[in-house]
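To start, the structure itself, in structure tokens.
The values are calculated or read from the model by the stated rules, or taken from the named source; none is laboratory data. Note that this is a predicted model, so its numbers are computed, not measured. Positions of Cβ are generated from backbone atoms using ideal geometry, with glycine treated the same way; all protein chains shown enter the neighbour counts. These accessible areas exclude ligands, DNA and RNA; they are computed on the full protein's heavy atoms, side chains included. Shrake-Rupley method; radii C 1.70, N 1.55, O 1.52, S 1.80 Å.
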Amino acid sequence: MKTAALLCALLASMPAFAQEKKKADPQVDRGRYLVKIGGCNDCHTPKYAVSGGKVQESEWLTGDALGWRGPWGTTYATNLRLSMQDLTEEQWVQKGKALSARPPMPWFNVREMSTSDLRAMYRYIRSLGPAGKPAPAFVPPERTPPQPFVQFPAPPPK
């Protein structure tokens, strides 16, 4: 009887011990915050903007098949959860600091982020794990992309 009680007490304490041993990385929470306020989900999460942000977090940052067509061609929001799996944290920081992309991606904003913010974003996105499939490939300006796509007007003449 004492052995059974001791075994039950030991088993009951295991989850608490495991949680204590694995402390949460505060940078993951910071990264989640940055992704949310930075508008990353607006394009990189299907239906996020049109639903007022009411998309399960498990579906965040999986890219989108909605194209963004303009004089540059048609671009698609990358599946960040898949692309981050191929990068180390240091590689992501270097990529973020040198980022250049086609519209409407605000790459210039990413370039201005601090190294610690880029690291936090990386840790958050990696914490979500891989999900979804790659976004469609870029379509050159002379080709008509498949639906759906948003058509940007040509810039005004100078």
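The condition (being within 16 Å of Trp68 (Cβ to Cβ) and either touching a Phe, Trp or Tyr at 6+ places or on another chain (Cβ under 9 Å) or small (Gly, Ala, Ser) (or both)) is satisfied by just one residue among Pro136, Pro148: Pro136.
Note on region 70-110: among residues that are more than 17 Å from the chain's Cα centre (by Cα) and in contact (Cβ under 8 Å) with a residue 40 or more places away in the chain, the one that is farthest from Lys133 (Cα to Cα) is Pro71.
For (1) over 30 Å from Arg119 (Cα atoms); (2) open to solvent by less than 90 Å² (accessible area, probe 1.4 Å); (3) modelled with pLDDT of 95 or more, each residue gets a yes or a no:
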position	(1), (2), (3)
Ala5	yes, yes, no
Ala9	yes, yes, no
Ser13	yes, yes, no
Asp29	no, no, yes
Gly38	no, yes, yes
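If only residues of region 45-69 that are open to solvent by less than 20 Å² (accessible area, probe 1.4 Å) and under 16 Å from Pro136 (Cα atoms) are counted, the one that is nearest to the chain's Cα centre (by Cα) is Leu61. Elements of the type helices (runs of 4 or more DSSP H) sitting completely within region 79-158 and holding at least 3 residues that are buried (at least 17 other Cβ atoms within 10 Å of the Cβ): these cover 80-83, 89-98, 115-128.
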